[in-house]
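As C-alpha cells, the structure follows; a few thoughts come after it.
Laboratory data are not the source of any read-out in this text; all were calculated from the coordinates shown. Keep in mind that this is a model prediction, so the values were computed, not measured. We place every Cβ from the backbone using ideal geometry, glycine too, and count neighbours over all the protein chains shown.
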Amino acid sequence: MTSARATAPQPPEVSPARHITLRVFLSFAAGYFMSYALRSVNATIAPLLADDLQLTASSLGWLSSAFFLSFASVQWYLGTWLDKYGARRTESILLSTAAAGAILVATSDSLLGLSLGRILIGFGVASCLMAPYSYFRRCFAPEKQAQLAMWMLIAGTAGALAATQPALMLAQWMGWREVFWLSAGLFALSALAIARFVPDTDLAATRADLALAASQAASAPTANTATNALPMRLFELLKHPTMLRILPTTVFFSGGFVALQSLWVGPWFTDVLGLSTSQAAQALLYFNAALLVAYLVMSFASPKLEKMGFNLARQTRFGFIWFVSCMALILLWRTDSAWWAWLILAPGVPAVILMQTQTALMFPKAIAGRVLTTFNLVMFTGAFAVQWGVGLLADGFIGLGSDRETGLWLSFAVLLVFQLASLWWFFYKKLLPAGHTQHG
C-alpha cells in the first residue's frame, strides 16, 4: 500500500521526553483496561446472564453486540472530536458516560435496560484506544508507533484477563450486578486521571500539521496531494483506495476477532468442546494470557523486524494467513483439549491488529483522529455484525434441526468462508494494474 502523505517535508516530531511520562501512559492504559474488561466480560458471565434472564443465543449475541453498535456509531464523530478538542477532553468526558452505563446495567432487570446500559458503555469507551493512538501518532516518531500500539494492547489484554476467571469468581462471590457497580467507580477514576495527567500537546502537533498543509496549498494550489485536501471527511476516507482494500479484512479479521474474544469463545468452549463454565473461564484466562504475551513479544519484535526489511505490511500479511489457518484448526479439532487451538491462534493476532497502525501512518497527523476512527468504525461495525450474526446463524441452524453444538460450529465455518473471501480481496486489490483504484 502506498502512503497518502505528500512528499513535501513534514513538521518535526515533538520530543516524547517533553510531555510523555509514565503517568500519562498509565492514565490512557487504565481507561483501555476497563474498556476491554467490559467488552469481554460477557464471554465469561454469559451463563449467569442466560440463567438470570432466560436469554437465547441470539439474545446473548444482541446484548453483547449492542456494545459494538454504539461503539461503532460514535466513531463517526469521534475522529473530529479528537482532531479538534484533543485526547484529554474527549476521553475523560466519554469515560464518564461509560460509568453511567455501568450503573444502568447494575440496576436493570430487563433485557431492554441491560441493552441500554451496554449501549452507554459502548458509547463511553469509544475513544479508549483511539485517543491514545491519535495522541501517539501526533507526538511520536513513525518508528515508535508499532511498539506504542502493542503496549496499549497489552493493557487492554490485561483487562480481558481480568474479565475471565477473576471476573467469574467475583461475580459468583458478590453477584454480577455488583461487578458492574465496581466497574462504574473504576470508569470514573480513569476519567479523572486522564483529565488531570494528560497534557494537550497533541493539539499543538495538529496545529503545526494544519499550518504546514495551508502553506503547501498556498505555494502549490493546484497540486493533487492529500495534505491540500485536509481535513478529509468520513466518506472521502472510506472511498480512499487504501481503505477500500482493507475494508473486508478489517470487518472479518479485526472485527471478527473482537466478536469472538468478547463473546463466542466462551460458548465455543462450553457448547462445542463440552467444558464446564469454570473450565471455560480458565481456558479464556489462558487464551488472554497468551494474547498478552504475544503483544509483549510483538512490541519488541516488530521494530526489529522492520529494520530487517520485514515491514508492517509483510507482518500483517503473515498475521492474516496464520489467522485463517488457526480458524481451520479450531473447526477441525473438537476434543476437550482443543482449547489449545486458541492459544496457537494468539501469536498471529498482533500482526493483524497492526493494520490499524499501518493505515494511520499513511495519512497526515492532522487527520490522525479521523483516519483511526474510520478504521475503528469499520472494525466495530464488523464486530457487531459478526457477533450478532453468529448468534442468528446458530439459532437458524438449530431451527433447521441442528443441535446447539452443530449450530455454533456451522456458524464459525461460515465466518471462516467470509475471512477467506476478504483475504482474496485484499491480495487481489494489491495485484490490480496501476490504472485501477488501488494505488501501488
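Points to keep in mind about this one:
- Net charge, Tyr77 excluded, C-beta distance under 15 Å - Lys, Arg +1, Asp, Glu -1: +2
- Amide H contacts under 5 Å for Phe310: none, restricted to partners 5 or more places along the chain or on a different chain, H placed in the peptide plane at 1.01 Å from N.
- Among [x] 0.94; [y] 0.97; [z] 1.10, the entry that matches Rg/Rh (Cα atoms, Kirkwood Rh) as calculated here: [y]
- Residue-wise HN-Hα coupling along region 336-347, computed from phi with Karplus coefficients 6.51, -1.76, 1.60 (Hz; x: Gly, Pro): 6, 9, 6, 4, 4, 4, 6, 5, 5, 5, 3, x
- Given charges at Cβ of Lys, Arg, Asp, Glu: region 237-327 dipole, positive-most of Leu305, Met327, Thr270: Leu305
- Taking each of Lys304/Lys365; Lys239/Lys365; Lys365/Lys429; Lys144/Lys429; Lys84/Lys365 in turn, the alpha-carbon distance tops 22 angstrom for Lys304/Lys365; Lys365/Lys429; Lys144/Lys429.
- Across region 184-196, rounded Karplus estimates of 3J(HN,Hα) from the backbone phi angles (6.51 cos²θ - 1.76 cosθ + 1.60, θ = phi - 60°) give 4, x, 5, 4, 5, 5, 5, 4, 5, 4, 5, 4, 8 Hz, Gly and Pro being marked x.
- Computed magnitude of the charge dipole of the chain (debye, nearest 20; Cβ of K, R +1, Cβ of D, E -1): 1460 debye
- Normalised per residue, the volume of the convex hull around the Cα set of region 115-216 (Å³): 126 Å³
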